[in-house]
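Since the structure comes first, as structure tokens, the remarks are kept for the end.
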Amino acid sequence: MNKAVKSTLAIAASAAMVAGVVVTPSLVSAWGDNGGGRPSYTIDQINQGVLGNKIVFNSISNSVIGSEKNFVGARENTGVNAGAANVWNGNDITVKDGQEYLIRLYVHNNNPNGVNAISRNTRVAFSLPTTSAKQVQVNGFIYSDNATPSEYWDYVNFNSDQAFHLEYVYGSALLENNGIGANGGIKLGDEIVTKAASERGVQIGYDKLDGNVPGCYTYANYVTIRVKAVFDTDYRIEQKVRLAGTTEWKTSVDAKVGDKVEFQVQYKNTSNDAITHRDVTIKDILPKNMQYVKGTTKLFNSNHPNGMNILSDTITDYGINIGHYDKGANAYVRFTAEVVDKSLQCGSNTLVNWIQGSVGKKTIQDYATVVLNKVCENPGNNKPNELPNTGPEAVAGGAIAAGSIVTAAGYFIASRRNLR
């Protein structure tokens, strides 16, 4: 993608007021799209029928509204929603360590013909980098099967004078509009960030999440996610998954209902100084349609290279305390979960499992996914995905570091601190 030159237009979006719920804050500066050559239209041109039957998104620009191409913005999540007075930074925002931010994506089908100009299979996604840097760019995407063009994107930059990364707050994706999202919004799946942009994130819609978005301001949609800025810490957390009975650890596996999968999280003390991390705590947040298998949690470290059973089954509740670790030391925690069908949809389902690791007051997280296909009556020719081929296993997914482990009383006593 080629970045478009960013404008300095401010978008008040006063023309896009949503009846009954105020979700049309002002957006300050910046826009981009796929290639930079997409035309802009004035409201007068739109009302005079310049689009005909053509469907386009976020292409209106004039002196009152500014440019709708500037449709991704961010602001601090202060807990206060000022409605239309919210100011969204569309170019750059400077982050604070531990501060939570809202990222908003505005979706407006510009064709004024309402239900006679419906965008089909409308989807949205955020590309959220997992790497650390002094500037982290978050891209927002809009997709539509019958719009011209079929893909739209914009971005906002998060900046700091030291390296940091952004942690997605699981379960935070929200859709607001005058229809299905009129009363406090409706939650969207975490696939909005865990599926690559090429997989088109999640489907949205006006009356239901069916991908249908009619034209005109009345049917505009507002999608938000929450992220937390985490300055580079002196430890890291990494999660992998595999099907029970296989040997290769992956970030994602295919499965079916009834299969058991094993999750593994690695913690490592990467501090530059000789800092001992005390009371390292690991917590897992299992998604719906996955069930923890009791008695399966094991700890691997240099004291227990073959694994040690943890008697407590609280890893998916309030977490487990795995002890104290000196510089360079690491540990692996494994447990098993079963795929169940409590609320699976027909077709493809992506189950996102989040792991959180806490040292002191800081918490960082990682995720792995389990993908399965539910075949319903008359679904067409859908077939369950094949299981992946597996390769040789590394010990606990990697060598246990030689750094010393400082044990303590209450080594496996679960931490009652809420890690979210």
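Scanning region 91-129 for residues that are under 20 Å from TYR168 (Cβ atoms), touching a residue at least 60 places away in the same chain (Cβ under 8 Å) and not in a strand (DSSP E or B) yields VAL95, LYS96, ASP97, GLY98, GLN99, LEU128. Determine, yes or no, whether ALA117 is open to solvent by less than 30 Å² (accessible area, probe 1.4 Å), among the small types (Gly, Ala, Ser) and closer than 29 Å to VAL227 by Cα. No.
Within region 38-48, the set of residues being assigned to a loop (DSSP other than H, G, I, E, B) and either acidic (Asp, Glu) or surrounded by fewer than 11 Cβ atoms within 10 Å (Cβ to Cβ) (or both) comprises PRO39 only.
Identify all residues within region 192-206 that are at pLDDT below 95 and open to solvent by 40 Å² or more (accessible area, probe 1.4 Å); write none if there are none. LYS195, ALA196, SER198, GLU199, ARG200, listed by residue number. Just so you know, in region 127-171 the residues that are among the acidic types (Asp, Glu) and closer than 18 Å to GLU68 by Cα include one that is nearest to the chain's Cα centre (by Cα), and it is ASP154.
Here is a yes/no grid of residues against (1) open to solvent by 40 Å² or more (accessible area, probe 1.4 Å); (2) not in a loop (DSSP other than H, G, I, E, B); (3) not polar (S, T, N, Q):
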{"site": "GLN137", "(1), (2), (3)": "yes, yes, no"}
{"site": "GLY140", "(1), (2), (3)": "no, yes, yes"}
{"site": "ASN146", "(1), (2), (3)": "yes, no, no"}
{"site": "TYR155", "(1), (2), (3)": "no, yes, yes"}
{"site": "SER160", "(1), (2), (3)": "no, yes, no"}
{"site": "HIS165", "(1), (2), (3)": "no, yes, yes"}
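The sole residue among ASP313, ASP366, ASP341 that is touching a residue at least 40 places away in the same chain (Cβ under 8 Å), open to solvent by 30 Å² or more (accessible area, probe 1.4 Å) and part of a loop (DSSP other than H, G, I, E, B) is ASP341.
Screening HIS324 on (1) touching a His at 6+ places or on another chain (Cβ under 9 Å); (2) farther than 18 Å from GLN264 by Cβ; (3) open to solvent by 20 Å² or more (accessible area, probe 1.4 Å) shows it passes everything except condition (3).
The values are calculated or read from the model by the stated rules, or taken from the named source; none is laboratory data. Since the model is a prediction, treat every value here as computed from it, not as a measurement. Counting neighbours? That spans all protein chains shown, and the Cβs are built from the backbone with ideal geometry, glycine included. Protein only, heavy atoms only, side chains kept; ligands, DNA and RNA dropped before computing areas. Shrake-Rupley method; radii C 1.70, N 1.55, O 1.52, S 1.80 Å.
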